[in-house]
Amino acid sequence: MSDIVQAPPIAAQREDRQVKLVKMASFGAGERPTVAISAATALAILLLWWIVSALGVVPHLFLPRPDEVLTQIGLIYRDGYAGASLSEHVFASLFRIIVAALIAISAGIPLGLLMGLNRWAKGVLDAPIEFYWPLPPLSYLPLMIIWLGIGETSKITLLVLAMFAPICLSAQAGVRSLPIERVNAARSLGASRLQLFIDIVLPSALPEILTGIRIALGVGWGTLVAAELIASTRGIGFMIMSASQFLATDVVFVGIGIIAICAFTFSAAIRFLEAFLVPWKGKL
């Protein structure tokens with residue numbers, strides 16, 4: 001009589017055949033936070049600054065110690081600088097940057113989307129934008145003074161020109177990078193031109209648009225000093241240029257620090273907006 005072989009239970013067979021999920025290795029920087037690395041880097045830079053200034057490697061007139069800069073912040077906050085308080089200088093610069101950014105965004109996004117969707121618009125607008133975009137703002141600063149005078153209009157116009165091009169070109173790039181498969185899929189489902197724009201084109205271009213706004217704000221803060229050269233009596237850029245004429249290096253560092261803090265705050269706000277509006281960015 002032959003031996004009877006007992007078959008393994010069906011549940012055991014299913015357990016052996018169960019697929020195991022393997023997490024793919026990340027590529028590039030990944031999704032792990034870098035706040036600790038950034039904080040350590042900032043502390044290392046401050047420590048290096050303090051050591052260099054304390055040892056006198058650079059003359060004290062040109063590189064004050066960090067504690068002297070902090071002391072100068074308190075003095076400017078208490079007594080003001082160049083006939084205005086610290087808050088007046090900060091608010092004047094914020095007003096110019098915010099107004100210029102709103103104008104650049106309201107004009108740059110529609111024109112950039114139009115350039116991405118229409119070849120006639122691209123052909124007409126691409127040449128002037130590409131012509132003036134590489135120029136440094138100081139090169140057309142004299143024209144702003146000649147054409148618009150020395151009031152707030154010339155300052156804000158200079159900032160608008162500096163911020164407009166990155167926003168417009170980013171919006172155009174967002175439309176041009178839209179996969180044609182998405183458009184064809186929406187058309188096959190009967191989407192109208194308006195639905196195609198609202199549901200497909202705009203969401204696909206939004207990550208590029210927000211990146212362009214971040215770049216434009218950085219360019220705007222970098223142009224602020226040039227804009228406030230135009231007969232200003234208020235503003236962080238004016239404070240920096242005025243202090244540099246008297247070799248008040250500690251005041252210059254105070255102004256640079258304030259601009260850096262404001263620019264970082266604006267950039268962090270745009271990053272938060274990106275996480276809220278385009279949570280899929282970098283995950284598809």
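Carbon and sulfur atoms: what percent of the 1.4 Å accessible area of the chain do they account for?
Whole-percent figure for carbon plus sulfur exposure: 69.
Choose one answer from Gly190, Gly74, Gly123: the residue with the largest mean-square fluctuation in a GNM of the chain with alpha-carbon springs under 10 Å.
Among Gly190, Gly74, Gly123, the largest GNM mean-square fluctuation belongs to Gly190.
Using only the alpha carbons of the stretch 173-243, determine the length spanned along each of the three principal axes and report them from longest to shortest in whole angstroms.
64, 18, 12
By how many nm would the segment from Arg187 to Leu148 grow when fully extended, if each residue of separation counts as 0.36 nm and the alpha-carbon distance is taken off?
Computed gain between Arg187 and Leu148 is 9.2 nm.
Describe numerically, in nm with one decimal, the distance between label points set 7 Å from Cα along Cα→Cβ at Ala260 and at Ala44.
Label at Ala260, label at Ala44, 1.6 nm between them.
Could you run the Debye sum over the Cα atoms of the stretch 79-192, one equal point scatterer each and no solvent, and tell me log10 of I(q)/I(0) at q = 0.11, 0.18 Å⁻¹, two decimals?
Log10 I(q)/I(0), no solvent term: -0.52, -0.98.
Starting at the first residue of the stretch 142-159, write each ³J(HN,Hα) from the Karplus equation 6.51 cos²θ - 1.76 cosθ + 1.60 with θ = phi - 60°, in whole Hz, x for Gly and Pro.
Once rounded to whole Hz, the list reads x, 5, 4, 5, 5, 7, 10, x, 10, x, 5, 4, 5, 5, 5, 5, 4, 5.
What are the residues whose amide H is under 5 Å from the amide H of Tyr81, where those residues sit 5 or more places off or on another chain and H is modelled from the backbone?
Long-range HN contacts for Tyr81: Leu86.
Calculate, in nm to one decimal, what Phe276 and Phe95 gain on full extension: separation in residues at 0.36 nm each, minus their alpha carbon distance.
62.6 nm
Note the angle between two axes, namely the Cα long axis of helix 202-227 and the longest principal axis of the Cα atoms of the chain, as a number of degrees from 0 to 90, rounded to the nearest 10.
Tilt of helix 202-227: around 20 degrees.
Hey, if we sort Ser267, Ser93 by accessible area with the 1.4 Å probe, largest down, what's the order?
Correct descending sequence by accessible area is Ser267, Ser93.
Counting only Cα atoms, I'd like the Rg/Rh figure for the stretch 223-279, Kirkwood definition for Rh.
Ratio value, two decimals: 1.18.
Classify the chain: rounded, prolate or oblate, from the alpha-carbon gyration tensor (a ≥ b ≥ c, eigenvalue square roots; a/c under 1.5 rounded; otherwise prolate if a/b is larger than b/c)?
Numbers: a/c = 3.62, a/b = 1.52, b/c = 2.38.
Note, shape of the chain comes out oblate.
Would you mind telling me which residue in Val175, Val254, Val57 has the biggest mean-square fluctuation in a Gaussian network model of the chain, where springs connect alpha carbons within a distance under 10 angstrom?
Val57
How much length is gained if the chain between Leu63 and Tyr132 is pulled fully straight, taking 0.36 nm per residue apart and subtracting their Cα-Cα distance, in nm to one decimal?
21.2 nm
Using label points projected 7 Å from each Cα along Cα→Cβ, tell me how many nm separate Ile37 and Tyr77, to one decimal.
Between Ile37 and Tyr77, the label points sit 3.3 nm apart.
How far, in degrees from 0 to 90, does helix 249-277 lean away from the longest principal axis of the Cα atoms of the chain, to the nearest 10?
30 degrees
Using only the Cα atoms of the stretch 127-257, build the gyration tensor, take square roots of its eigenvalues as a ≥ b ≥ c, and label the shape rounded, prolate or oblate: rounded if a/c is under 1.5, else prolate if a/b is larger than b/c, else oblate. Kindly include the intermediate steps, with their values, before the conclusion.
Details: a/c = 3.78, a/b = 2.59, b/c = 1.46.
Taking the square roots of the gyration eigenvalues as a ≥ b ≥ c, the stretch 127-257 is prolate.
Give the ranking of Lys155, Lys281, Lys122 by solvent-accessible surface, highest area first, calculated with a 1.4 Å probe.
Heavy-atom accessible area, descending, gives Lys281, Lys122, Lys155.
Under 1.5 on a/c is rounded, so check that first for the stretch 94-136, then, if it is not, pick prolate when a/b is larger than b/c and oblate when it is not; a ≥ b ≥ c are the square roots of the alpha carbon gyration tensor eigenvalues. Each step should come with its number before you reach the end.
Working: a/c = 4.54, a/b = 1.58, b/c = 2.88.
Because a/c hits 1.5 or more and a/b fails to exceed b/c, the stretch 94-136 counts as oblate.
Go ahead and set up a Gaussian network model of the chain, Cα springs under 10 Å, then flag whichever of Gln172, Gln72, Gln195 fluctuates most.
Gln195
Quick check: with the 1.4 Å probe, what order do Trp147, Trp49, Trp221, Trp133 take by accessible area, largest first?
Sorted descending by solvent-accessible area, the residues read Trp147, Trp133, Trp49, Trp221.
Over the chain, give the accessible area per residue in Å² for a 1.4 Å probe, as an integer. Intermediate values should be presented prior to the final figure.
Numbers: 18250 Å² over 284 residues.
Accessible area per residue, the chain: 64 Å².
What is the sum of charges, Lys and Arg at +1 and Asp and Glu at -1, for the other residues whose Cβ falls under 12 Å from the Cβ of Ala226?
+1
Angle check, please: helix 35-55 long axis (alpha carbons) against the longest principal axis of the chain (alpha carbons), in degrees 0 to 90, nearest 10.
Helix 35-55 sits roughly 30 degrees off the main axis of the chain.
The values are calculated or read from the model by the stated rules, or taken from the named source; none is laboratory data. As the structure is a prediction and not an experimental result, all values here were calculated from the model. Virtual Cβ from ideal backbone geometry, glycine too; neighbours counted across all protein chains shown. Just the protein is used for accessible areas: all its heavy atoms, side chains included, with ligands, DNA and RNA removed. Shrake-Rupley method; radii C 1.70, N 1.55, O 1.52, S 1.80 Å.
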